[in-house]
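A.B. asks: I have a structure here, written as structure tokens, and I will follow up with some questions on it.
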Amino acid sequence: MCGIVGYVGSRRAVDVLLQGLRRLEYRGYDSAGIALLTGDAIDVVKSSGKLENVEHLIDGSREKLAASTCGIGHTRWATHGKPTTQNAHPHRTGHVVLVHNGIIENYQDIRRRLVARGHKPESETDSELFGFLVLEEMDKGRSLCDAVRAGFLQIEGSCSVVVMSEKEPGMIVGVRNGSPLVAAHDPDGGMFIASDAQPLVEYTKEVIFLENGDLVAGSRTGLKISSLADGNVIARPVTRIDWSAERMDKQGWPHYMLKEIYEQPAALSETLNGILDRATGEPFVLADQKGLQTLKNATRISLVACGSSWHAALLGKYWLERWGRIAVDVELASEFRYRDPVLQEGTVIVGISQSGETADTLAVMREAKTRGIQTAAITNVRGSTISREADSVFYTCAGPEIGVAATKTFLSQLLVQLIWAGWLGKTRGALNPARTASLFDELIRLPHLLEDYMRPDGVMAQTVRSTAKALLGIKGFFFIGRGYSFPVALEGALKLKEIAYIHAEGYAAGELKHGPIAMIDGNMAVVVLAPQDSWREKTVSNLEEVKARGARIVGVGGGNDSSLKELCDFWIPLPVSTKHKIDEGLLPVVLAPVVQLLSYETALLKGTDVDKPRNLAKSVTVE
Ligand code: F6R
């Protein structure tokens, strides 16, 4: 989704903006631009395509621009109008220059009125129109701040803007009304503003998450927040962010996605540290107590999510029902919100979202609240909209995930739900305390198990790499599994589609014969997830069915499962076996990295843009 960075202070603005936009690249974009104040004039440099295009454009005038200490920048992910240079932000309208995230819903109406008043919008965007509104208000004698307020009150929709004007050099005004905005004081004097905290953390750890309806005005002397509606000054709390800038770099890995796959053992330990008291084995001592009561009192849980988070929720259902003995529904947010569902008292709606900004998930939670239903969230981003709007929130502590494809956040979402399930089981009397304790002990050992298994030069990595190479050029993939392996099969197929652009389907192994088996021939690969669990024999029968029809079989199974290995063309052993067992419910945690890595290696061979796959964005803030 679109990214915003703005700065005014004493630093070199061109560097702050470009570096900030680089930090936001992970969100997905298709054009970029910056606007810099030099003297009393604002220069706008923008281009379709990647940020490097903007950097090339400014090469000739770097010296002049280097003097600037005030500017705004943007990465655009096209919604209204094609991803062209003209439609890229910042937009200039006379002396007003702005960037905008989100959608102005009444833009057609506003365009009609502006054109009738003699204005000539140049781009196809809704964003540019806002500049005319500010211009008109400033022409009436209003300050930039008052003009932005008056202009914003004329638009409808969920969006944020950041605006400058040559008539008030050194002033930046932002409004949040939907799309997130974060502001911060520059410790050296001045203000930063951005669509998320990542561009700010290398300058300051103290940030302010603006609320909807906040207007922020910043200059060299600092920033002031006021109400969009009435102009009254508002004091917002400062949040301390513990993500270091260094942690956000690739640290030598070729791609963020690979780094994040290998960071999974650490993400699990950090998430465990945030939830489980190692000394007592009691969960949630460090986490949200209110959320705990909400879960304890629930009669039914509805897990609501999209994409990978939805796959995590599918696994949550298995665990919460098996151990927690509570009825669980799993819902796709984009379907649930329009279905007029029956929501009974006692139901808790849990939104699972790594970004905490997904529009569909957020909409379901808002709807639930209006119906008096309790909401909880599992998210990785502190200060995200979902985390602030849910009645209670449980954080995964995976650290920043920059690769668009979810990996370590997915695994961390699994862990939170596993702990919920164990704790609910104990609390509701379905699991005896000793069983819960042994489950938690296993969870504590999981990061170590995974760390051993996931060495870049280890057997798993090598067999995955050689399998990807051998299957390059195959027509399509099926990922199949039963029980706990089924949601992992769905996740494997999604990963392959999104980063390698190869058609792949995830199926419950038993469903193949009800249709999809017609697709199977010698040009199809079937990844069979068949660990030594209760479903192994049945899954192997399904393997035989596709093998008989010529499919190339990739087996992922128990380390000592030689009879399964013999049936497979390619074999990826798990670190668990009949000798080294873990509870079968925990197998997804070791299976998921295998399918993630298989997708990564395939994408690498195909030469796709692994971290920023085409057409995708890291946080999907539109419906
Ligand atoms: C897949 C992926 C997406 C997200 C989905 C939901 O790798 O990243 O499918 O899982 O867009 O996003 P969140 O979890 O931010 O709500």
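The values are calculated or read from the model by the stated rules, or taken from the named source; none is laboratory data. As the structure is a prediction and not an experimental result, all values here were calculated from the model. Note: ideal-geometry Cβ built from the backbone for every residue, glycine included; neighbour counts use all protein chains shown. These area figures cover heavy atoms from the full protein model, side chains too; ligands, DNA and RNA do not enter into them. Shrake-Rupley method; radii C 1.70, N 1.55, O 1.52, S 1.80 Å.
A.B. asks: If ASP340 meets every condition in (1) touching a residue at least 12 places away in the same chain (Cβ under 8 Å); (2) more than 12 Å from the ligand (Cβ to nearest atom); (3) open to solvent by 10 Å² or more (accessible area, probe 1.4 Å); (4) not small (Gly, Ala, Ser) apart from one, which number is that one?
C.D. replies: Among (1) touching a residue at least 12 places away in the same chain (Cβ under 8 Å); (2) more than 12 Å from the ligand (Cβ to nearest atom); (3) open to solvent by 10 Å² or more (accessible area, probe 1.4 Å); (4) not small (Gly, Ala, Ser), ASP340 violates only (1).
A.B. asks: Moving on. Considering only residues that are in contact (Cβ under 8 Å) with a residue 40 or more places away in the chain and surrounded by fewer than 19 Cβ atoms within 10 Å (Cβ to Cβ), which ones fall in the range 534-548?
C.D. replies: Within the range 534-548, SER534, LYS538 meet the criteria.
A.B. asks: Please give the number of the condition ASN87 fails out of (1) over 17 Å from ASP43 (Cα atoms); (2) open to solvent by less than 40 Å² (accessible area, probe 1.4 Å).
C.D. replies: (1)
A.B. asks: Next up: Does VAL328 qualify as being of a type in the set (A, V, I, L, M, F, W, C), open to solvent by less than 10 Å² (accessible area, probe 1.4 Å) and farther than 16 Å from LEU424 by Cβ?
C.D. replies: Working: of a type in the set (A, V, I, L, M, F, W, C): yes; open to solvent by less than 10 Å² (accessible area, probe 1.4 Å): yes; farther than 16 Å from LEU424 by Cβ: no.
Spelling it out, it is not the case that VAL328 is of a type in the set (A, V, I, L, M, F, W, C), open to solvent by less than 10 Å² (accessible area, probe 1.4 Å) and farther than 16 Å from LEU424 by Cβ.
A.B. asks: Separate question: Filter the range 549-560 down to residues that are without any contact (Cβ under 8 Å) to a residue 60 or more places away in the chain and open to solvent by less than 10 Å² (accessible area, probe 1.4 Å), then give me how many there are. Break it down stepwise before answering.
C.D. replies: So in the range 549-560, the residues without any contact (Cβ under 8 Å) to a residue 60 or more places away in the chain come out as 549-550, 553, 555-560.
Still in the running and open to solvent by less than 10 Å² (accessible area, probe 1.4 Å): 553, 555-558.
Selection size over the range 549-560: 5.
A.B. asks: Further question: Considering each of GLU331, GLU357 in turn, give the residue that is within 16 Å of the ligand (Cβ to nearest atom) and out of contact with any strand residue (DSSP E or B) (no Cβ under 8 Å at 6 or more places or on another chain). Write out each step before concluding.
C.D. replies: Working: GLU331 fails: out of contact with any strand residue (DSSP E or B) (no Cβ under 8 Å at 6 or more places or on another chain).
Only one candidate passes the filter, namely GLU357.
A.B. asks: Next question, about the same structure. Regarding LEU57, is this residue free of Cβ contacts under 8 Å to residues at least 40 places away in the same chain and crowded, with 24+ Cβ neighbours inside 10 Å? Step through it out loud before you land on a result.
C.D. replies: On the way: free of Cβ contacts under 8 Å to residues at least 40 places away in the same chain: yes; crowded, with 24+ Cβ neighbours inside 10 Å: no.
Against the criterion (free of Cβ contacts under 8 Å to residues at least 40 places away in the same chain and crowded, with 24+ Cβ neighbours inside 10 Å), LEU57 does not qualify.
A.B. asks: Given the residues VAL348, VAL364, VAL381, which is the only one that is closer than 25 Å to GLN198 by Cβ and either in contact with a helix residue (DSSP H, G or I) (Cβ under 9 Å, 6 or more places away or on another chain) or of a type in the set (Gly, Ala, Ser) (or both)?
C.D. replies: Just one listed residue meets the conditions, VAL381.
A.B. asks: Continuing with the same structure: Can you find, within the range 576-623, the residue that is nearest to the ligand (Cβ to nearest atom) among those that are in a loop (DSSP other than H, G, I, E, B) and of a type in the set (Lys, Arg)? Break it down stepwise before answering.
C.D. replies: Applying the first criterion (in a loop (DSSP other than H, G, I, E, B)) to the range 576-623 yields 576-583, 607-623.
Among the residues that remain, those that are also of a type in the set (Lys, Arg) are: 579, 581, 612, 614, 618.
Working: LYS579: 34, LYS581: 30, LYS612: 12, ARG614: 14, LYS618: 7 Å.
Once the filter is applied, the top-ranked residue is LYS618.
A.B. asks: Check off (1) more than 21 Å from CYS306 (Cα to Cα); (2) at pLDDT 95 or above for GLN596 and give me the number that stays unchecked.
C.D. replies: (1)
A.B. asks: I need the full set of residues from the range 143-170 which are at pLDDT below 95 and open to solvent by 50 Å² or more (accessible area, probe 1.4 Å), in order please.
C.D. replies: Residues satisfying the conditions are LEU153, GLN154, GLU156, SER158.
A.B. asks: Scan the range 561-582 for residues that are surrounded by 17 or more Cβ atoms within 10 Å (Cβ to Cβ) and among the charged types (D, E, K, R) and jot them down. Explain how you work it out, then say what you get.
C.D. replies: To start, the set of residues in the range 561-582 that are surrounded by 17 or more Cβ atoms within 10 Å (Cβ to Cβ) comprises 561, 564, 567-568, 570-576, 582.
Once the filter is applied, which keeps residues that are surrounded by 17 or more Cβ atoms within 10 Å (Cβ to Cβ) and among the charged types (D, E, K, R), the range 561-582 yields only ASP561.
A.B. asks: Let me ask something else about it. Where residues in the range 305-328 are under 27 Å from PRO433 (Cβ atoms) and part of a loop (DSSP other than H, G, I, E, B), which of them is farthest from the ligand (Cβ to nearest atom)?
C.D. replies: Filtering the range 305-328 for residues that are under 27 Å from PRO433 (Cβ atoms) and part of a loop (DSSP other than H, G, I, E, B), the one farthest from the ligand (Cβ to nearest atom) comes out as ARG325.
Here is a yes/no grid of residues against (1) over 30 Å from GLY506 (Cα atoms); (2) modelled with pLDDT under 90; (3) touching an Asp or Glu at 6+ places or on another chain (Cβ under 9 Å):
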{"residue": "GLY252", "(1), (2), (3)": "yes, yes, no"}
{"residue": "LEU268", "(1), (2), (3)": "no, no, no"}
{"residue": "ASN273", "(1), (2), (3)": "yes, yes, no"}
{"residue": "LEU292", "(1), (2), (3)": "yes, yes, no"}
{"residue": "LEU320", "(1), (2), (3)": "no, no, no"}
{"residue": "SER334", "(1), (2), (3)": "no, no, yes"}
{"residue": "PRO341", "(1), (2), (3)": "no, yes, yes"}
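A.B. asks: Among the residues of the range 94-108, which ones are at negative phi and under 33 Å from the mean Cα position of the chain (by Cα)?
C.D. replies: Quick first cut of the range 94-108, residues at negative phi only: 95-101, 103-108.
Answer for the range 94-108, where residues must be at negative phi and under 33 Å from the mean Cα position of the chain (by Cα): VAL96, VAL97, LEU98, VAL99, HIS100, ASN101, ILE103, ILE104, GLU105, ASN106, TYR107, GLN108.
A.B. asks: Among the residues that make up the range 128-136, is at least one of them of a type in the set (Asp, Glu), without any contact (Cβ under 8 Å) to a residue 24 or more places away in the chain, closer than 20 Å to ASN232 by Cβ and surrounded by fewer than 23 Cβ atoms within 10 Å (Cβ to Cβ)?
C.D. replies: Pass one, the range 128-136, residues of a type in the set (Asp, Glu): 128, 136.
Remaining after also requiring without any contact (Cβ under 8 Å) to a residue 24 or more places away in the chain: 136.
Those left that are additionally closer than 20 Å to ASN232 by Cβ: none.
No, the conditions are met nowhere in the range 128-136.
A.B. asks: Taking the range 364-373, which residues are open to solvent by 20 Å² or more (accessible area, probe 1.4 Å) and assigned to a helix (DSSP H, G or I)?
C.D. replies: So in the range 364-373, the residues open to solvent by 20 Å² or more (accessible area, probe 1.4 Å) come out as 366-367, 369-372.
Those that are open to solvent by 20 Å² or more (accessible area, probe 1.4 Å) and assigned to a helix (DSSP H, G or I): ARG366, GLU367, LYS369, THR370.
A.B. asks: Just give me the residues in the range 485-519 being in a loop (DSSP other than H, G, I, E, B) and either open to solvent by less than 10 Å² (accessible area, probe 1.4 Å) or at pLDDT 95 or above (or both), in sequence order. Before the answer, list the steps.
C.D. replies: Restricting attention to the range 485-519, the residues satisfying the condition of being in a loop (DSSP other than H, G, I, E, B) are 501-503, 515.
Within the range 485-519, TYR501, ILE502, HIS503 qualify.
A.B. asks: Can you pull out the residues in the range 90-102 that are buried (at least 21 other Cβ atoms within 10 Å of the Cβ) and under 17 Å from ILE4 (Cα atoms)? Please lay out each step first, then the result.
C.D. replies: Going through the range 90-102, the residues buried (at least 21 other Cβ atoms within 10 Å of the Cβ) turn out to be 90-91, 93, 96-102.
Within the range 90-102, PRO90, HIS91, VAL96, VAL97, LEU98, VAL99, HIS100, ASN101, GLY102 meet the criteria.
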